[in-house]
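What follows is calculated from the coordinates using simple rules that are stated; it is not laboratory data. No experiment lies behind these values; they were computed from the predicted model shown. Don't worry about glycine lacking a Cβ; one is built from the backbone with ideal geometry, like all the others, and counts go over all protein chains shown.
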Amino acid sequence: MESPVAPFIPVQEFSPEPDMVIEDQRAQSPMRKRARHTSSNDLTASESDCSLVIPEESKVPVRDDTYYMADGSCVLRVQNTLFKVHRTILSKDQSSFGPMFTLPQGEFTEEGMSDDYPIVMQGDTAEEFRHFLWALYALPSELLIVRSPKADLSRLIDIAKVSSKYSFKSTETWALDAIQEYLERNTSPLFNDNPLIRMFPTISTRSSALLESEGQIARLIRLAQMCSHSRLMDTMIQLLHKLMSGSLHYSYLAMTLADEFDIRDLRGAAYLEVMQTSVFVCPGDSNGHTYVEGDIQETSEGPQRLVVSPVQQLRLLSGYHRLSKAWDRLRSVPPQFDHAPSCGATWHQHGCTQSWTDFWKEKTKSEGVLSLGSANVLGRLGIIIKEFDKWGSATYMHHDCKSAARRSIHDKVKQIQEALPDYFTGGGEH
């Protein structure tokens, strides 16, 4: 579908549904916000706090309570924690540790042999590495817990992440399978169309439970991307599609993750949900406060206000403009269909076409359609489909042509759904 390029519109706030509304950010009541400290006392205190921060590598390391083993043969340092484990365990599964142990040990020949000269691991947290070691050392009876309701999803994510990083392929596969099973077991309503998804809250307030669930979803998306695990990625995309309709927080999360990982299957739906359910503003200062990306103002009535990045705002504005133009074209010319062969033999094709055109012109101006915003093309087409089903036999259209006309509306819906990500692109994007 041809999508005209939307011009940049320098506005601060935008609420397109049901009509375009542009508001001045400074004229609104304060959002939930983070205060900016600007007093000299505050600056002094802040500078003083920064001077007390000790770099992690400068701290005296401590031995891990569980995985610093007396008979271990290799000392590893992760952040400020020392692990003493067995080289034979780390060398299994064709991992990258095996070749590493055969390389020259650098300046210190005893590197990895003592607390003073440990092998320093970069890019992991001590907790992540501890969870990874649990998977390597756990007894079969302990491993059974991952197949039970008591499974720890965070630990499984850490195991899969570290296993992937160090090429423990079988351990990575085991952890990813366990994660998939956990999600299917605990989010079973996702797979039977029940909107009450137990694992993830759909409350609108930014509670600790909501923040935790957002963090878990983001970690799972990143893990699926890192491990190229299409099944897990598909599961998380389905989950976010469900959750978006219940909370603007999840819509923003889906939009942000779609941008970060270029997830086409998620981007169009997420941007559309944000466009239709919020007033979106860019970060900025107002009345001595700083509004940061992701902040949402809860209101008693009307759409919520969401702080988005300038790039996201441009995409949202472009989407509104392009979808509105698409509706203008669609409203003037109904979807085309091929007349049934029997129509030409027993009916007048011109009358059949005229009947379909008259129906389309009437229903595109109906009260139900006009009650939706001009950019809500999918919603408007949904109403027209319902009106078509009520049309009955009081028509001059051939029966087979009516079926073809109905299919043409569904085809148009599918076409727009598939093209949604292309509507929400910036000025120079294609």
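Excluding same-chain neighbours fewer than eight residues apart, the lysines reachable from Lys325 by a Cα-Cα span under 26 Å are Lys361, Lys363, Lys365, Lys386, Lys412, Lys414. Annotation: average projected area of the stretch 326-423 is 6.2 square nanometres, based on the convex hull of Cα atoms across all directions. A simple packing score, the average count of other Cβ atoms within 10 Å per residue, orders the peptides 214-223, 136-145, 156-165 as 156-165, 214-223, 136-145, with the highest score first. In units of the compact-protein estimate 2.2 N^0.38 Å, the stretch 255-330 shows a Cα radius of gyration of 1.21.
Arranged from highest to lowest average of other beta-carbon atoms within 10 Å per residue, in what order do the peptides 61-72, 233-244 appear?
So the peptides 61-72, 233-244, ranked by packing, come out 233-244, 61-72.
Candidate cross-link partners of Lys169 among the lysines, defined by an alpha-carbon separation under 18 Å and a same-chain spacing of 8 or more, comprise Lys92, Lys161. Scoring 249-255, 354-360, 122-128 by mean Cβ neighbours within 10 Å over their residues and listing the highest first yields 249-255, 354-360, 122-128.
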